[in-house]
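Below is one structure; the comments refer to it alone.
The numbers here are math on the coordinates, done by the rules we state, and not lab data. Only a predicted model underlies this, so the values are computations on that prediction, with no experimental measurement involved. Note: ideal-geometry Cβ built from the backbone for every residue, glycine included; neighbour counts use all protein chains shown.
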Amino acid sequence: MPTRKNVTGGTVRELFQHDKIVEMRDLAKLAVWVHNYTFDSANKTTATLVVAALGGDIRDGITTTNMPRKVKTASITSIACDVAVEMMEDTLTVGNAPGPAVLINAMTNISVVGQGRPPDKRYIGKMNELALWFAVAPVANGECVCGTQLMYTYKPRWIPERYTSTHYGSNSGWTNNYIKKFIRVSTGASILGEVDEWVYPDPEKPKKAATAQFPSYFPVIKMDPSKSIFLIILPLVIVGCGSLLMLWNVKMHKCMAIPIMRNATLGEIIKSSHTEDVLGPAAIDHQDATKPSSLEKLEVRFKMGDTTLWGLHNAKGQSLLTERAS
């Protein structure tokens, strides 16, 4: 196991050096452990993770068969991954929104447990220890079994599954892209999972957790409030057309001296059809069932007939029976 160096190249104290031996279960699984980490800057940390497939294969990995005695695993294939996590201020733009970006929050307003909290200038901006936890997320999210290094099981078309005690699954098919996806998903899940946990108790209300509001703004295309009066134009046109239709209908009924304004329902049509000008042609047309109906050419009009009864009468003022007889 090499000696861990810091960002300046100096040797890290003995107290913080790694163990020389990594203990793993003798199973065909994927083991992951932290080989090294450095604090590159106040807000950036790089961690080296070792991913080893016991009795399996990792494409483009290094394979060794120099195994201890009395083990079932014949070989180990491993790769080393440098995971760099940097806390920085950035702006996410959704769509092609016009206008300048809005500053939602600054890193100087973020406090880290154990490093004091703003506005203490000694601790502002020192986020590298927090970034370390996210860089080693594949290790922190794993499950330790019997005090050994955590292990994962290969799962096609998904991220690896944490190994607990079930001896199933394949240990082949590991690729660099698959492991990269596994590391990115683990890091992203750790960040999302910790967002709601970064709260400090309010000194004035110890039993209540402190809350902070982060406003988010997104410029959108909207209507000018000063021109909202134009929205009433279309409803006024519709109401105006309806009013003109109603006035024309009322005037037409008055000019024709129709005693009641009736709807064109099925019941009203049947009631108005019991006139000589409708029943007569219908009876004649009904006698020949082999031909199409000739009533489509029947022209009637709702008016008062010779018997002073209102109904559907001949529009020309002459009885249809007389016309047919002639």
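Fewest neighbouring Cβ atoms within 10 Å first, the residues THR64, THR45, THR175, THR290 line up as THR290, THR64, THR175, THR45.
Among MET151, MET261, MET87, which comes first, then next, by fewest other beta-carbon atoms within 10 Å? Intermediate values should be presented prior to the final figure.
Working: MET151 24, MET261 9, MET87 19.
With the fewest neighbours first, MET151, MET261, MET87 line up as MET261, MET87, MET151.
Taking all Cα-Cα distances within region 35-93, those exceeding 12 Å account for 72%. In terms of distances greater than 32 angstrom between alpha carbons, the cross-link table entries LYS44/LYS72; LYS44/LYS70; LYS251/LYS271 yield LYS44/LYS72; LYS44/LYS70. Distance between the pseudo-spin-label points of LEU236 and GLU299 (7 Å out from Cα toward the beta carbon): 4.2 nm.
The ellipsoid equivalent to the alpha-carbon distribution of region 226-326 has semi-axes of 40, 18, 11 angstrom, derived from the gyration tensor eigenvalues as √(5λ) and listed largest first. Each label was represented as a point 7 Å from its Cα along the Cα-to-Cβ direction; for MET107 and HIS286 these points are 9.4 nm apart.
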